[in-house]
Amino acid sequence: MMLLENLSYVEVEAYLVEKDIVIIPIGSTEQHSPYGLIGTDFITAEAIAREVGKRLDILVAPTLTYGMSQHHMGFKGTVTLSPETMIGVIKDIVNSFLDHGFRRIVFINGHGGNIEPVKTAFTQLKYENKKGIFEIISWFLLPEVQEIERDIFEDKNGYHATPSEVSITKLLRPEAFKTKPSEKKRLTKPRNQIYYPLSREEFKQAYPDGRMESAPWLAKEKYGKLIMEEAVRVISNRIREILKMKIL
Ligand SMILES: [Zn+2]
């Protein structure tokens, strides 16, 4: 596996002779209900990104473990970047890779709240006339992944602390689940009855235990394996396309 953190600059120079792509996993440090891990979003994104990198022989950068999570701040342990900081962080990371000659910069994302600020950062970079392909792929939004989620969890996957993401973390960090509950609860209010965005207080009122229409108690390691494999397969195909594109 080619992890940037394990290379020397000499090895990065050699890589850049052959390739100009880097994958950056990004997630969040935020509550995932009493059932899920606070690190869920970066743990899933990192594992998927590293598996894609391994299969395609592509460099994977260190994971950005903090994201835009202001709506989860009503729950202990959540850490958030402000939208403007997040945009700044993404721009600085992309600019650093561009400086070294990378031209295909792909973020593999585990958290919905990151999408808008990351895309705004890309737009800002283009406004500044930066050359290259900047893309964010959110594994949980891939239609192929969502189809499997529907097959397994029917209408109980929901939108946060989903049994899908909890299944993947269960597969990756089984020991962390020894202290988590497993009893069934009621599903929370449907999303179409709630407006967005939400402040931390509004979120907590709408979703008192941090779930959004999800049944995380349905999570199982074997589902995590299936879902992760599909995410890796679809993202690898997308990256193969990105590799064929001509940088204008
Ligand atoms: Zn999540």
When a/c reaches 1.5 or more, the comparison of a/b and b/c decides; with that in mind, is segment 26-68 rounded, prolate or oblate per its Cα gyration tensor? oblate
Of the options I90, A231, F102, report the single residue whose Cα projects farthest towards the positive end of the charge dipole of segment 4-244 (beta-carbon charges: Lys, Arg +1; Asp, Glu -1). A231
Taking segment 4-244 on its own, what percent of its Cα-Cα pair distances exceed 27 Å? 35
What's the FRET efficiency of L141 with S8 using the Cβ-Cβ distance as r and R₀ = 41 Å, to the nearest 0.05? 0.70
Acute angle (nearest 10 degrees) that the helix 143-153 long axis makes with the longest principal axis of the chain, alpha-carbon atoms: 20
If R0 = 22 Å, then S199 and T120, at their Cβ-Cβ distance, give a FRET efficiency to the nearest 0.05 of 0.65
5 angstrom amide H check on G67, placed H, neighbours 5+ away: T29, L81
Using a Gaussian network model of the chain with C-alpha springs under 10 Å, which one of V52, V166, V17 is most mobile by mean-square fluctuation? V17
In degrees, nearest 10, range 0 to 90: what is the angle between the Cα axis of helix 9-18 and the longest Cα principal axis of the chain? 80
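Since every read-out is calculated from the coordinates, none of them should be taken as a lab result. These numbers were taken from a predicted model, which means no experiment stands behind them. Note that we place each Cβ from the backbone using ideal geometry, even for glycine, and neighbour counts take in every protein chain shown.
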